[in-house]
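Take a look at the structure below.
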Amino acid sequence: MNRTLLLAALLLAAPALHAQWSDAPDDDEAAWMEQQATTTQAYHARIATALAASRDVRDQAFAEILRQPASPAGGAMPSGDTPSRAAPRDTEAEARLRSIAARAGDDRLANQLLLLASPAPGSAERTAAARRWHAAEPGNLVPLLHTGMAADALLVEARRATQATTHLYDVVRWMASAFERHPLTPPERTALAGGETFHPEEAAAMSAMGIWAASMAPAYGALVEACRGNALRAAPTRQADCRHVATLLAQQSDSVRDRMVGLSMLRGMASDSAERAAIDAQHRTMDWQMLQWGRIAQQQPRDGAEQFVRLLRTGVTSELELAGRVLQEAGVSPEPPAGWTPPRR
């Protein structure tokens, strides 16, 4: 996607994503982002009102995501000695979330949306949504990672886990469809397109991916710390428990981020050089596929957004599956050539 349309798509995403923009925008882009923030906020408010009125629990949870206050344009941080301030509690939003949660039941997707709408780690609303998700999928490790449990308790409860599934593309498809059900008005589209042709289905999908990427990552820190070094000897079962969790993440997750975390954990627990070499080979293959996916996308119009939407609609279930499809269509081997190493190594 060209830079103007990419910025437009990101502006349609969750406000938290604004702070994730990795390249500092130039003056023209910064001014454009500032100017478009009003349009974006008005669009969010408009469709949030419509979603909330539907009485559908998923729609209402998504409305709460879109109602979250926007960050400063470009994700600017306070300068100099200006202290940062915690956002004040929104008691009305908390009350709405509790009301929606009371009707979410075992609807896994609704509870994932409620997780996204409750971004504060360890909040009661987020923990409760994760627990309801886990009750609907008791064998799934991923919702446990969002409960805020201490590492010891998490490792014990994870013994019963048999899978590690985020369902990321299920959620992204649903959010994209919600955007498409409530399209931009002609004036909104003109304001956000920046003079370029606007592709609403691409903007919807990229915005949905942005929401996911900005808000859905679990906190791995405590788990990783509990599964390396001296901590592995803290309890007789710790090594086995850590290996179980790491293997589920590394071998079964539909998220590349989870797989990378799992492989890193396994490497830290490797018993010999042969095991480390095998893990490094898996990591290298994944690096190759992700880098080639990015390279191929950059060679396409709008950075491959049309292809991403098309493949998303085929029902792909994991990032590695989607990357494999992209490489296959481009005639690129999924295995790196002999001697290849990632640029960062």
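The values are calculated or read from the model by the stated rules, or taken from the named source; none is laboratory data. The structure presented is a predicted model; accordingly, all values stated were derived computationally and were not measured. As a convention, Cβ positions derive from the backbone with ideal geometry for all residues, glycine included, and neighbour counts pool all protein chains shown. Accessible surface areas use protein heavy atoms only, side chains included; no ligands, DNA or RNA. Shrake-Rupley method; radii C 1.70, N 1.55, O 1.52, S 1.80 Å.
A count restricted to the range 103-117 and to residues that are closer than 15 Å to MET209 by Cα and open to solvent by 40 Å² or more (accessible area, probe 1.4 Å) stands at 0.
Is it true that THR197 is of a type in the set (Val, Ile, Thr), open to solvent by 20 Å² or more (accessible area, probe 1.4 Å) and not in a helix (DSSP H, G or I)? I'd like the intermediate steps shown before the answer.
Details: of a type in the set (Val, Ile, Thr): yes; open to solvent by 20 Å² or more (accessible area, probe 1.4 Å): yes; not in a helix (DSSP H, G or I): yes.
It is true that THR197 is of a type in the set (Val, Ile, Thr), open to solvent by 20 Å² or more (accessible area, probe 1.4 Å) and not in a helix (DSSP H, G or I).
Counting only residues that are assigned to a helix (DSSP H, G or I) and within 17 Å of the chain's Cα centre (by Cα), how many does the range 155-176 have? Please lay out each step first, then the result.
If we filter the range 155-176 for residues that are assigned to a helix (DSSP H, G or I), which is where we start, we get 155-160, 168-176.
Next, from what is left, pick out any that are within 17 Å of the chain's Cα centre (by Cα): 168-176.
Matching residues across the range 155-176 total 9.
Can you confirm whether the range 218-234 contains a residue that is in contact (Cβ under 8 Å) with a residue 60 or more places away in the chain and closer than 23 Å to THR314 by Cα? Scanning the range 218-234 turns up no residue that is in contact (Cβ under 8 Å) with a residue 60 or more places away in the chain and closer than 23 Å to THR314 by Cα. Annotation note: Cβ proximity below 6 Å between a residue of the range 319-341 that is in contact (Cβ under 8 Å) with a residue 40 or more places away in the chain and closer than 21 Å to LEU168 by Cβ and a residue that is part of a loop (DSSP other than H, G, I, E, B) and open to solvent by less than 60 Å² (accessible area, probe 1.4 Å) (sequence gap 6+ or interchain) occurs for LEU322/VAL316.
Within the bounds of the range 137-151, is there any residue that is of a type outside the set (Lys, Arg), open to solvent by 10 Å² or more (accessible area, probe 1.4 Å), within 17 Å of GLY262 (Cβ to Cβ) and in a helix (DSSP H, G or I)? Yes: one or more hits.
Can you tell me how many residues within the range 45-75 are modelled with pLDDT under 90 and assigned to a helix (DSSP H, G or I)? Steps first, answer last, please.
Filtering the range 45-75 for residues modelled with pLDDT under 90 gives 55, 68-75.
Narrowing further to those that are assigned to a helix (DSSP H, G or I): 73-75.
Total meeting the criteria: 3.
Looking at this structure, is VAL172 open to solvent by 60 Å² or more (accessible area, probe 1.4 Å), out of contact with any Pro (no Cβ under 9 Å at 6 or more places or on another chain), of a type in the set (A, V, I, L, M, F, W, C) and at pLDDT 90 or above? Here the answer is no, as VAL172 does not meet what is asked. Among the residues making up the range 242-272, those that are open to solvent by 20 Å² or more (accessible area, probe 1.4 Å) and under 30 Å from LEU109 (Cβ atoms) are HIS244, THR247, GLN251, GLN252, ARG257, ARG259, MET260, VAL261, SER264. Residues in the range 200-223 that are open to solvent by 40 Å² or more (accessible area, probe 1.4 Å) and more than 29 Å from GLU306 (Cα to Cα): ALA219, GLY221, ALA222.
Does THR185 satisfy the criteria of being at pLDDT 90 or above, surrounded by fewer than 16 Cβ atoms within 10 Å (Cβ to Cβ) and more than 24 Å from the chain's Cα centre (by Cα)?
Working: at pLDDT 90 or above: yes; surrounded by fewer than 16 Cβ atoms within 10 Å (Cβ to Cβ): yes; more than 24 Å from the chain's Cα centre (by Cα): yes.
Yes.
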